[in-house]
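A quick write-up on the structure given underneath.
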There are 4 protein chains.
Amino acid sequence: MRFFSDNAAPVHPAVFAAMAASNTLDTAYDGDAQSRSLDARFSDLFETAVKAFWLPSGTSANSLALAALCPPYGSIVCHRDAHIQNDECGAPEFYTHGAKLLLADGAGAKLTPETIRAVTDAIADDVHRVQPHAVSITNATEYGLVYTPSEVAAIGDLARTKGWSLHMDGARFANAVAHLGCTPADLTWRAGVDVLSFGFIKNGGMSAEALIFFRPELAAGFPERRKRAGLLASKGRYLAAQIIALLDDGLWIENGRAANAGARMLADAAGDRLVHPVEANEVFLRVTPDEAASLRALGFDFYDWAPGEVRLVVAWDRSAADIRPLAEAIAALS
Amino acid sequence: MRFFSDNAAPVHPAVFAAMAASNTLDTAYDGDAQSRSLDARFSDLFETAVKAFWLPSGTSANSLALAALCPPYGSIVCHRDAHIQNDECGAPEFYTHGAKLLLADGAGAKLTPETIRAVTDAIADDVHRVQPHAVSITNATEYGLVYTPSEVAAIGDLARTKGWSLHMDGARFANAVAHLGCTPADLTWRAGVDVLSFGFIKNGGMSAEALIFFRPELAAGFPERRKRAGLLASKGRYLAAQIIALLDDGLWIENGRAANAGARMLADAAGDRLVHPVEANEVFLRVTPDEAASLRALGFDFYDWAPGEVRLVVAWDRSAADIRPLAEAIAALS
Amino acid sequence: MRFFSDNAAPVHPAVFAAMAASNTLDTAYDGDAQSRSLDARFSDLFETAVKAFWLPSGTSANSLALAALCPPYGSIVCHRDAHIQNDECGAPEFYTHGAKLLLADGAGAKLTPETIRAVTDAIADDVHRVQPHAVSITNATEYGLVYTPSEVAAIGDLARTKGWSLHMDGARFANAVAHLGCTPADLTWRAGVDVLSFGFIKNGGMSAEALIFFRPELAAGFPERRKRAGLLASKGRYLAAQIIALLDDGLWIENGRAANAGARMLADAAGDRLVHPVEANEVFLRVTPDEAASLRALGFDFYDWAPGEVRLVVAWDRSAADIRPLAEAIAALS
Amino acid sequence: MRFFSDNAAPVHPAVFAAMAASNTLDTAYDGDAQSRSLDARFSDLFETAVKAFWLPSGTSANSLALAALCPPYGSIVCHRDAHIQNDECGAPEFYTHGAKLLLADGAGAKLTPETIRAVTDAIADDVHRVQPHAVSITNATEYGLVYTPSEVAAIGDLARTKGWSLHMDGARFANAVAHLGCTPADLTWRAGVDVLSFGFIKNGGMSAEALIFFRPELAAGFPERRKRAGLLASKGRYLAAQIIALLDDGLWIENGRAANAGARMLADAAGDRLVHPVEANEVFLRVTPDEAASLRALGFDFYDWAPGEVRLVVAWDRSAADIRPLAEAIAALS
């Protein structure tokens, strides 16, 4: 039983069905009806007029967001454990043409206005230093914590004061919203978010993420950048279909809830082995190498995060029955 | 009935079935068995050891090929009507970090050693001029013509003499091989091709192209560039599955033959309306605006290529019964 | 006697004297009084408020101008014989992060609205094509011809209509103004020029060119781009001093006139050997290899431009006495 | 009396004289005899065959060095207080096309093998992380400390073991060599340095630095990158002349010694106010705002480095008589 990554999970049957239903002759690129419906679908969801686009990966969504928010000679503040810093092989630098990431601290990979300012206040306002133009936060974070609307808003306020933009990497946005029970609007543009990478692939999709611009003027240049990067799929209708299938009937939030619930079961079993509070679908445990080996001997697979620490990720498709044996095994360790 | 673009065609059922069969928990990115089998599958097909990778688009395949062959301060010779010059919004410039395309002539969008040298011989060998590092040819070409192995080899010989590399944009490689009846090896590495963009999407695939390095050392840096561009799909097994489904039992060449046969039917009906010889699946016709309107009134859809000229593309899924009405309508024009 | 290039000429004594007079302890970078005076000096010269900056080379001035006018995914129309296309090793592509140059025709390396439109009208307004954002003209041109204010204005009008910006490469701006006898304002912003690379190095300077923004808002980001390219000299006062020395008492236009007068002497001697009308300080002659050899045997040095064609450049420091022997030798050829 | 920056110092009279002596008609770019002599001059100085080039700034020298050592998808380890990180507006990212700087610690801005490994050992060797390709050290450092040959060699050994290259930013290389009394060879290639930015501008030059490749094959591509960045001065002989004037009779090391001696006088006066040991020409002092004000009231100018800390830089031209009043004023503070 694999708890390695939500990227390893299968595609939701409804997503497959939607792709199959789209398998007819249609217009190429993003000229099909489904692609053209995305603005409206996401404007509904977010209760405001947005520009929404599909992209084939979270990395490309994040990078094109940052390219829209930061010139080549600027910088973007992010957490030092952020995906954009550590897991994208320099994609932000590629897409922004060499902007710099400024690394800030914060428990559980969460930034705060204070940790952001600890980095930016030290930067003299002159041409020799790379000046900040944007902040990027991840919700849920790389450690499975969730920014609340008011925590986002505190950062949004700082950004607005400073003249910076705010990006949210929502590879696990569904898990964050599911945890909070808030509206998508409250967690994003009402809290100052300008652009959201809205993840679907980890949450039952196959190859489609969405990029949401809450200030439509920021999308100027996006279509060209997407095309120029080879990201404008020639059969884009299959990407749009995936997203729409997950939006329909709130399947996206249902999947997020399911994954969170599984992680909760593991967290409850883990007690004080937890490295971080469990708010989304990731569980970080303190285990000895022998304990890790004993879990693996039982057939459970997971990622060695750091010495004495492992990461378990629960995907949308894990039932309580799937998870119970692992929860029991963890409880039995102590 | 649409004859607009092979990008508008549906996905082959076998490709869908292969994706569905892959819809289980598996390893993320390209660590799955199918992705790892691509080197072997393409080495078999090409009768030599190759490095093979999936990519989500032809534009990204072409651009990453060029980035492997040309430094930022170099240039690439291509036809002035090449897709990389006219239809990719500057993707080669983005991926190569600013290399220049040198535009050469040739009937039917085919380069020859002579047309290449007409451009490159004029370039002084000094630091002020951007020096050529590679040639890129498209087979079948943008006008549906096919380079023979010996025509490719003539360009390959020139490239080797000059120290340049040779890329083939094979978005319609299947149509070219189907037309020629040669082996894939004869049309590529045996004729001096270093890297091939092997197209599957126009030929029954959904979202997977392959990039084939015939000199494995050229693939150094490719994995990083693919990741850094957000092109390393987190659920890569679905891309690999598409390619493998099309390789199995020669489905790729069968689809190419089918599309070519349909174009042949149209060509035979068109007589001296043909702008170019029809060798692959594209048909360019001289028609007046009234004639074009009359065809459209019959329910046929196609692209206005130039004043007095339209383009018809036949996809893999068009049966003789689908095409006959259009052929008859064309024949009836005169 | 060398007539090879105006880059080979010495530095004007007044420029040297100005650098020597600046050789005291002062503020680094461009914080010194001379650098800070450039806006005012050029605003006076151009009779409008401009932003003006020094740069160490014409290539960097041109490239930073283009980076200010064109996004990475855009294109710039220039003559196919333009310096930015053929003599800068891809600097525009480097500084713009991969914009494309669109090559247009025109006698004597001069663009016209018609030759520009011959290129741009063929570009479909979609995301697949690289869209034009700017035009760049060279005055005096690479062949020593001069655009008049009305010729520039015709291009400026087209640019404004299309929403493009207009750059003038004025590496030999002094020669153009000297030929026309117009004001600098008439030849630039009054005719629609947005940014001017104002050359001083070929005209008696050592290592300083000026970049002039006629719409100050276009200079946003310029200081960062200049710094980031390593072009913000730490002892910038010596660059500013050169420019100011050439502006003082109109030395720049005096030098331009002197060079033009020398070229005129050669042109008058050359008769129908002239390939192009001589309007600035460059003379292109039709000579046989034997004739070229005979001139060289007399001690004259020059550049072989093309088969049967040589280029002679007259620098600011060539006196009539210097030039007369060459004029006589040319006249004696026939 | 300014102790603000060695960039604010004047140009050495011998350097001016050399430029004046070069003020004749000569070959453009780097075709002149002086430019062509640089390989030989620096090969002599470094006792090995090197490739040496002039550049107009330290930032461009550093950046072109890094571009030669690191691909766009790689990273370079440097100190978190390094000039390339904090004072060049992202020039390394611009020239490398988006490589990442990895920031390591170390007292006095000096890296050690241990502080480097503390950063790099945490980087998994996979395609998601940006892999290190080079280390860049600054000698003398941003805080005026000097790496000894054995300290450099320890880093050089680590680099060789890991397959990384080693760059030395020698903006104050003269001060480092003057302090150590070693040979330039011992401090560079014999200790594993692959490329050196050899500073002249802070040390009596005007606008010329040198970039020295100790492994000539690393210089492949450098001429094109220099040209493409607009850094190939059209009148390069004046840059070469500056460097040669400073190399002649060891003027460079004499100037370095003079500056160091001045800093030593200040250090001796400062006692336990010193923030860092004084080994080169920079002095960092702990002073209260009142003390700083009192020094400034006496006519001394300097840089506020941090709260309670100021930086004094002694340039090559400060005599003991110039410095004594400041030394006495500092001593009198306590």
Log entry, pairs with first residue in region D:8-33 being more than 7 Å from chain C (Cβ to nearest Cβ) and on the phi < 0 side of the Ramachandran plot, second being open to solvent by less than 50 Å² (accessible area, probe 1.4 Å) and among the acidic types (Asp, Glu), beta carbons closer than 7 Å, six or more apart or on different chains, reads D:ASP32/D:ASP26
Selection from region A:288-319 of residues surrounded by fewer than 20 Cβ atoms within 10 Å (Cβ to Cβ) and either within 24 Å of the chain's Cα centre (by Cα) or more than 23 Å from B:THR27 (Cα to Cα) (or both) yields A:THR288, A:ASP290, A:GLU291, A:ASP301, A:TYR303, A:ASP304, A:TRP305, A:ALA306, A:GLY308, A:GLU309, A:ASP317, A:SER319
Filtering region B:183-205 down to residues that are open to solvent by 30 Å² or more (accessible area, probe 1.4 Å) and not β-branched (Val, Ile, Thr) yields B:ASP186, B:TRP189, B:ARG190, B:LYS202
All conditions in (1) under 22 Å from the mean Cα position of the chain (by Cα); (2) open to solvent by less than 40 Å² (accessible area, probe 1.4 Å) are true of A:GLU279 except (2)
Considering residues that are among the aromatic types (Phe, Trp, Tyr) and either in contact with a Gly (Cβ under 9 Å, 6 or more places away or on another chain) or crowded, with 22+ Cβ neighbours inside 10 Å (or both), the number found within region D:5-33 is 1
*Being over 27 Å from D:LEU239 (Cα atoms) and in contact (Cβ under 8 Å) with a residue 60 or more places away in the chain, is that true of even one residue in region D:83-103?*
no
Practice task
Answer yes or no as to whether B:ARG237 is touching an Asp or Glu at 6+ places or on another chain (Cβ under 8 Å), within 11 Å of chain A (Cβ to nearest Cβ) and either in contact (Cβ under 8 Å) with a residue 24 or more places away in the chain or open to solvent by less than 10 Å² (accessible area, probe 1.4 Å) (or both).
Solution key: yes
The number of residues in region B:79-128 that are surrounded by fewer than 17 Cβ atoms within 10 Å (Cβ to Cβ), more than 13 Å from chain C (Cβ to nearest Cβ) and more than 20 Å from the chain's Cα centre (by Cα) is 4
Per the filter on region C:68-78, residues open to solvent by less than 10 Å² (accessible area, probe 1.4 Å) and either hydrophobic (A, V, I, L, M, F, W, C) or facing chain D (nearest Cβ under 8 Å) (or both) are C:CYS70, C:ILE76, C:VAL77, C:CYS78
Per the filter on region C:146-161, residues open to solvent by 20 Å² or more (accessible area, probe 1.4 Å) and in contact with a Gly (Cβ under 8 Å, 6 or more places away or on another chain) are C:ALA153, C:ASP157, C:ARG160
Subset of region C:129-144, residues over 22 Å from B:LEU101 (Cβ atoms), open to solvent by less than 20 Å² (accessible area, probe 1.4 Å) and of a type outside the set (Val, Ile, Thr), comes to C:ASN139, C:ALA140, C:GLY144
Check: Looking at this structure, is B:ALA49 closer than 24 Å to B:LEU218 by Cβ, open to solvent by 30 Å² or more (accessible area, probe 1.4 Å) and either touching a residue at least 60 places away in the same chain (Cβ under 8 Å) or not assigned by TED's automatic domain parsing to the domain that holds B:SER150 (or both)?
Finding: yes
Conditions (1) within 27 Å of D:PRO71 (Cα to Cα); (2) among the basic types (Lys, Arg); (3) in contact with a Leu (Cβ under 6 Å, 6 or more places away or on another chain) -> B:LYS110 fails only (1)
Picking from A:ARG2, A:ARG36, the residue that is in contact (Cβ under 8 Å) with a residue 24 or more places away in the chain, surrounded by fewer than 20 Cβ atoms within 10 Å (Cβ to Cβ), of a type in the set (D, E, K, R) and out of contact with any Gly (no Cβ under 6 Å at 6 or more places or on another chain) would be A:ARG2
Original post:
Does C:ASP268 count as farther than 21 Å from D:ASP26 by Cα and without any contact (Cβ under 8 Å) to a residue 12 or more places away in the chain?
Top reply: no
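So that you can scan it fast, the table gives a plain yes or no per residue for (1) closer than 30 Å to C:PRO92 by Cβ; (2) of a type in the set (Lys, Arg):
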{"residue": "B:ALA107", "(1), (2)": "no, no"}
{"residue": "B:THR112", "(1), (2)": "yes, no"}
{"residue": "B:ALA124", "(1), (2)": "yes, no"}
{"residue": "B:LEU158", "(1), (2)": "yes, no"}
{"residue": "B:ARG190", "(1), (2)": "no, yes"}
Boolean, D:GLY271 is closer than 30 Å to D:GLU309 by Cβ, buried (at least 24 other Cβ atoms within 10 Å of the Cβ) and not assigned by TED's automatic domain parsing to the domain that holds D:ASP39: no
- Task: Determine if region A:215-222 includes at least one residue that is out of contact with any His (no Cβ under 9 Å at 6 or more places or on another chain), within 22 Å of A:ASN7 (Cβ to Cβ), open to solvent by 10 Å² or more (accessible area, probe 1.4 Å) and away from chain B (no Cβ under 14 Å).
- Result: no
Take the conditions within 14 Å of chain A (Cβ to nearest Cβ), open to solvent by 20 Å² or more (accessible area, probe 1.4 Å) and closer than 30 Å to C:LYS100 by Cβ and apply them to B:GLY58. Does it pass? yes
Within region B:124-147, the residues that are touching a Cys at 6+ places or on another chain (Cβ under 8 Å) and part of a loop (DSSP other than H, G, I, E, B) are B:VAL127, B:HIS128, B:ARG129, B:VAL130
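The values are calculated or read from the model by the stated rules, or taken from the named source; none is laboratory data. This one's a predicted model, so the numbers in the text were calculated from it and none came from an experiment. Don't worry about glycine lacking a Cβ; one is built from the backbone with ideal geometry, like all the others, and counts go over all protein chains shown. To get the accessible areas, we keep the full protein, side chains included, count just its heavy atoms, and leave off ligands, DNA and RNA. Shrake-Rupley method; radii C 1.70, N 1.55, O 1.52, S 1.80 Å.
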